[in-house]
Amino acid sequence: MSEFDVIVVGAGPAGSSAAIKMASQGLKVLLVERGDPVGSKNVSGGILWGNDLASIIPDWEKSAPLERYVERKVTSFLTTDSEIAIDFKTKKFQEKKTGYSVLRTRLDSFLARKAAQAGAMVVTGVTVDSLAMKDGRVIGVVNEGETITADCVILAEGPNPRVAMAAGLVGKPNDRTVGIGVKHVYKLGENVINERFNLRGNAGFAGEYVLSFLEGDVYAGGFLYTNKDTVSMGVVITWQP
Ligand SMILES: Cc1cc2nc3c(=O)[nH]c(=O)nc-3n(C[C@H](O)[C@H](O)[C@H](O)COP(=O)(O)OP(=O)(O)OC[C@H]3O[C@@H](n4cnc5c(N)ncnc54)[C@H](O)[C@@H]3O)c2cc1C
């Protein structure tokens, strides 16, 4: 007899959503997250596109910690001295909110709390080292030599799936599939953001930038998203020989 019906590894949006759904169906769920607090290990610029959370948390637009809805989206191609931009603004962004800026530490903590409210056991600051196997079957997970058993294990490790790689379920990354990213959240204040980006209320701006001036095999992009009183800015660089 297993200790849990399901163990979910990783409390990002995927793992917490799975835990909410299964715990609310009465399954005994363990959600394990290595970060403490939940969300502290997230990899994201910070825009939540789409309306998928509605199928899990019907009132998510009222209850989730959303920053601003995207009112204007700009994709820019930059050279050292020029910019060509696709500047997209549509009334549909106002009528039917299709994207929100989020601070993932807050969003991920909110989702994990929802999983706990649905009945899942949520543990943070615990890293799953590997899958526990018996007779060729997955019987649970291993943490620091201890096995926790479950009838089913869901790996929701995100972009660095070390447990799945160790189990041979996904291939190892190579130079062409990894990059280095740096993100910083700057506090500017709500009024300054509204003034500088020509925004009102909870409308927001999402800018994405292709750094076309780089030479050789280096490719990079940047992003700038407005939150309520901060902006999220980042650059991601890849080397593709
Ligand atoms: C630079 C960059 C910018 C991005 N920007 C956006 C964006 O703006 N909008 C967007 O929708 N998507 C963005 N993405 C993609 C984003 O990563 C995913 O959309 C989203 O985070 C995927 O959710 P997830 O739950 O699958 O994984 P994650 O959010 O990565 O969650 C995985 C969780 O598992 C935990 N974990 C991993 N291994 C273990 C382990 N062994 N034991 C315990 N816990 C573990 C991690 O700590 C983490 O909390 C971006 C990606 C990158 C690289």
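The values are calculated or read from the model by the stated rules, or taken from the named source; none is laboratory data. For clarity, every value in this text was computed on a predicted model and none was experimentally measured. Every residue, glycine as well, gets a Cβ built from its backbone with ideal geometry; the counts of neighbours run over all protein chains shown.
Points worth noting:
- Among residues of segment 1-36, those that are near the ligand (Cβ under 10 Å from one of its atoms) and not in a strand (DSSP E or B), counted: 12
- From Gly171, Gly145, residue being within 25 Å of the chain's Cα centre (by Cα) and small (Gly, Ala, Ser): Gly171
- Scan of segment 106-149 for residues that are in a strand (DSSP E or B) and closer than 26 Å to Val43 by Cβ, ordered by number: Met121, Val122, Val123, Thr124, Ser130, Leu131, Val138, Val141, Val142, Asn143, Ile148
- Residue tally, condition surrounded by fewer than 16 Cβ atoms within 10 Å (Cβ to Cβ) and farther than 19 Å from Lys41 by Cβ, over segment 150-170: 4
- Filtered by the rule that a residue be exposed (fewer than 14 other Cβ atoms within 10 Å of the Cβ) and either at pLDDT below 95 or over 20 Å from Ala203 (Cβ atoms) (or both), segment 63-86 gives Ser63, Thr79, Thr80, Asp81, Ser82, Glu83, Ile84.
- If you go through segment 49-59 and pick out every residue that is surrounded by 12 or more Cβ atoms within 10 Å (Cβ to Cβ) and either assigned to a loop (DSSP other than H, G, I, E, B) or near the ligand (Cβ under 6 Å from one of its atoms) (or both), you end up with 3.
- If you go through segment 1-47 and keep only what is of a type in the set (S, T, N, Q) and either surrounded by fewer than 24 Cβ atoms within 10 Å (Cβ to Cβ) or under 19 Å from Asp129 (Cβ atoms) (or both), you end up with Ser2, Ser17, Ser24, Gln25, Ser40, Asn42, Ser44.
- Residue ID - nearest to Ser82 (Cα to Cα), chosen from residues in segment 199-233 that are touching a Gly at 6+ places or on another chain (Cβ under 6 Å) and crowded, with 17+ Cβ neighbours inside 10 Å: Tyr209
- In segment 180-209, the residues that are on the phi > 0 side of the Ramachandran plot form Cβ pairs under 9 Å with partners that are crowded, with 17+ Cβ neighbours inside 10 Å and assigned to a strand (DSSP E or B), at six or more places apart or across chains, as follows: Gly189/Thr230; Asn198/Arg72; Asn198/Phe205; Gly201/Arg68.
- Selection of first residues in segment 157-174 that are without any contact (Cβ under 8 Å) to a residue 24 or more places away in the chain and of second residues that are more than 11 Å from the ligand (Cβ to nearest atom), restricted to Cβ pairs under 6 Å at least 6 apart or on distinct chains, gives the following pairs, ordered by first then second residue: Pro161/Val170; Ala164/Val170; Met165/Lys172.
- Across segment 90-109, the number of residues qualifying as touching a Phe, Trp or Tyr at 6+ places or on another chain (Cβ under 9 Å) and more than 11 Å from the ligand (Cβ to nearest atom) comes to 4.
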